[in-house]
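*Asks:* Pasting in a structure now, in structure tokens, and then I'll have a few things to ask.
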Amino acid sequence: GGLAARLDREGLPHHGIVLRFDNEDHRIPLTDLTGRTITVYGQQEIVKDMIAVRVEQGGEIHFSVSDVALHDVTTDEPRVTFRDVDGVPRELRCAVIAGCDGFHGVSRPSVPAGTLHTYDHVYPFAWLGILAKATPSNEELIYCNSPRGFALHSMRSPSLTRLYLQVDPHDVLADWPDARIWEELHRRFGFELHEGPVIERLLSPMRSYVVEPMRYGRLFLAGDSAHIVPPTGAKGMNLAVADVTVLSRALVALLREGDSRLVESYSDTCLARVWRAEHFSYHMTTMLHRAPGADPFQHRLQLSQLRYTASSTAAATSLAENYVGLPFVAAVD
């Protein structure tokens, strides 16, 4: 029920993923190894669900606002000012501010310079992603390490396939007409994919990014405003949901019971999970992608890691535990 009603109804449960290398598929049985499943469900569908519940509850949502600014965040009465869609100045008087406004939002830059410590790593490749009206070519995700570069087979529904190619970060969409995309996908995967009309294209740079701490006064950073992971580990949305789960419990304790302990530990609690996900995403990315200028020695190390992961229950379990998501730490008694 609630927010998850449509996810439970329409989400695609998966019990494993496939690592493809040496022109062969090697399945990692996530459920057998961890007792848990993953669910494929579009991020924009989650946004739709959240908006629907907010509207149903009579809550306010302001779209297309401008000139957003945060004020007095180190006091007990922080404020947000903005101009609404009609250009009318507005002010929100708050108990707390949740900065869930993404990597390019105003929340993080509102923290005084020198307060946050930034950790940033930019990868020397990008992802070219397409959404195609085609039946998925496999029931599960396929992560492919090919001599020509990484490729990923995913899906959004039983009739929509999501496919990704590792490309040069300087490429633009015009460099990749549909025919070239499909040809390159076939060459990297090494088997016949189901093709269909391409209805969406995107180019995504690859980076890892973390700021510490994730709190400044009554401003709490959550999701992409505080951290970015490369999409190889499928952890971006999951981390954001984990942040707001921790934050919601902390705010209930603070605002209903006057207990600030969970608020004080918010950043440390979240960052423990964030750094684990950062490492896992980095590990998956470096294991599967062909870095420009990588020598044959490095490629042999990648293949050795992949072969070990596919053949060792211990190594496969480590990947599976991280992939399905880590448990939550128990709340303060």
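The values are calculated or read from the model by the stated rules, or taken from the named source; none is laboratory data. No experiment lies behind these values; they were computed from the predicted model shown. Virtual Cβ from ideal backbone geometry, glycine too; neighbours counted across all protein chains shown. What goes into the accessible areas is simple: the full protein's heavy atoms, side chains included, and nothing from ligands, DNA or RNA. Shrake-Rupley method; radii C 1.70, N 1.55, O 1.52, S 1.80 Å.
*Asks:* All but one of (1) of a type outside the set (Ser, Thr, Tyr); (2) under 16 Å from Ala132 (Cβ atoms); (3) open to solvent by less than 50 Å² (accessible area, probe 1.4 Å); (4) in contact (Cβ under 8 Å) with a residue 12 or more places away in the chain hold for Asp178, so report the exception by its number.
*Replies:* All conditions pass for Asp178, except number (3).
*Asks:* Which condition from (1) surrounded by fewer than 19 Cβ atoms within 10 Å (Cβ to Cβ); (2) assigned to a helix (DSSP H, G or I); (3) not aliphatic (A, V, I, L, M) is the one that Ser281 breaks?
*Replies:* Ser281 satisfies all of (1) surrounded by fewer than 19 Cβ atoms within 10 Å (Cβ to Cβ); (2) assigned to a helix (DSSP H, G or I); (3) not aliphatic (A, V, I, L, M) except (1).
*Asks:* Would you call Gly99 out of contact with any Cys (no Cβ under 8 Å at 6 or more places or on another chain), modelled with pLDDT of 95 or more and loosely packed, with under 10 Cβ neighbours inside 10 Å?
*Replies:* Details: out of contact with any Cys (no Cβ under 8 Å at 6 or more places or on another chain): yes; modelled with pLDDT of 95 or more: yes; loosely packed, with under 10 Cβ neighbours inside 10 Å: no.
So Gly99 fails the test.
*Asks:* OK, next. Please go through the range 135-164 and pick out each residue that is surrounded by fewer than 20 Cβ atoms within 10 Å (Cβ to Cβ), over 17 Å from Arg290 (Cα atoms) and out of contact with any Lys or Arg (no Cβ under 6 Å at 6 or more places or on another chain).
*Replies:* Thr135, Ser137, Asn138, Glu139, Ser157, Pro158, Ser159, Leu160
*Asks:* Would you check which residues across the range 251-278 are open to solvent by less than 70 Å² (accessible area, probe 1.4 Å), under 21 Å from the mean Cα position of the chain (by Cα) and touching a residue at least 60 places away in the same chain (Cβ under 8 Å) and list them?
*Replies:* Thr269, Leu271, Val274, Glu278 - these are the residues of the range 251-278 that are open to solvent by less than 70 Å² (accessible area, probe 1.4 Å), under 21 Å from the mean Cα position of the chain (by Cα) and touching a residue at least 60 places away in the same chain (Cβ under 8 Å).
*Asks:* Take the conditions open to solvent by less than 50 Å² (accessible area, probe 1.4 Å), touching a strand residue (DSSP E or B) at 6+ places or on another chain (Cβ under 8 Å) and not in a strand (DSSP E or B) and apply them to Phe125. Does it pass?
*Replies:* Numbers: open to solvent by less than 50 Å² (accessible area, probe 1.4 Å): yes; touching a strand residue (DSSP E or B) at 6+ places or on another chain (Cβ under 8 Å): yes; not in a strand (DSSP E or B): no.
Criteria not met by Phe125.
*Asks:* Please go through the range 7-50 and give me each residue that is open to solvent by less than 60 Å² (accessible area, probe 1.4 Å) and assigned to a helix (DSSP H, G or I), ordered by number.
*Replies:* To start, the set of residues in the range 7-50 that are open to solvent by less than 60 Å² (accessible area, probe 1.4 Å) comprises 7, 11-12, 14, 16-21, 26, 28-31, 33-34, 38, 40-42, 45-46, 49.
Correct list: Leu7, Leu30, Thr31, Leu33, Thr34, Glu45, Ile46, Asp49.
*Asks:* Whether any residue in the range 184-207 is under 30 Å from Val73 (Cα atoms) and either part of a strand (DSSP E or B) or among the hydrophobic types (A, V, I, L, M, F, W, C) (or both) is what I want to check. Spell out the reasoning first.
*Replies:* The first filter runs over the range 184-207 and keeps only residues under 30 Å from Val73 (Cα atoms), leaving 207.
Now restrict to residues that are either part of a strand (DSSP E or B) or among the hydrophobic types (A, V, I, L, M, F, W, C) (or both): 207.
Yes: the range 184-207 contains one or more residues that are under 30 Å from Val73 (Cα atoms) and either part of a strand (DSSP E or B) or among the hydrophobic types (A, V, I, L, M, F, W, C) (or both).
*Asks:* As an exercise: evaluate Ala234 against (1) of a type in the set (A, V, I, L, M); (2) in contact with a strand residue (DSSP E or B) (Cβ under 7 Å, 6 or more places away or on another chain); (3) within 20 Å of Tyr123 (Cα to Cα); (4) open to solvent by 10 Å² or more (accessible area, probe 1.4 Å) and give the number of the one condition it does not meet.
*Replies:* Unmet for Ala234, out of (1) of a type in the set (A, V, I, L, M); (2) in contact with a strand residue (DSSP E or B) (Cβ under 7 Å, 6 or more places away or on another chain); (3) within 20 Å of Tyr123 (Cα to Cα); (4) open to solvent by 10 Å² or more (accessible area, probe 1.4 Å): (2).
*Asks:* If we scan the range 200-208, do we find a residue that is open to solvent by 20 Å² or more (accessible area, probe 1.4 Å), charged (D, E, K, R), under 26 Å from Val324 (Cα atoms) and in contact with a strand residue (DSSP E or B) (Cβ under 6 Å, 6 or more places away or on another chain)?
*Replies:* Initially, the range 200-208 is screened for residues open to solvent by 20 Å² or more (accessible area, probe 1.4 Å), giving 200-205, 207.
This time we only want the ones that are charged (D, E, K, R), so: 200-201, 207.
Those left that are additionally under 26 Å from Val324 (Cα atoms): 207.
From what's left, in contact with a strand residue (DSSP E or B) (Cβ under 6 Å, 6 or more places away or on another chain): 207.
Checked the range 200-208: at least one residue is open to solvent by 20 Å² or more (accessible area, probe 1.4 Å), charged (D, E, K, R), under 26 Å from Val324 (Cα atoms) and in contact with a strand residue (DSSP E or B) (Cβ under 6 Å, 6 or more places away or on another chain).
*Asks:* On to the next question. Of the residues that make up the range 62-72, is at least one surrounded by 13 or more Cβ atoms within 10 Å (Cβ to Cβ) and not aliphatic (A, V, I, L, M)?
*Replies:* Within the range 62-72 (the criterion being surrounded by 13 or more Cβ atoms within 10 Å (Cβ to Cβ) and not aliphatic (A, V, I, L, M)), the answer is yes, since at least one residue qualifies.
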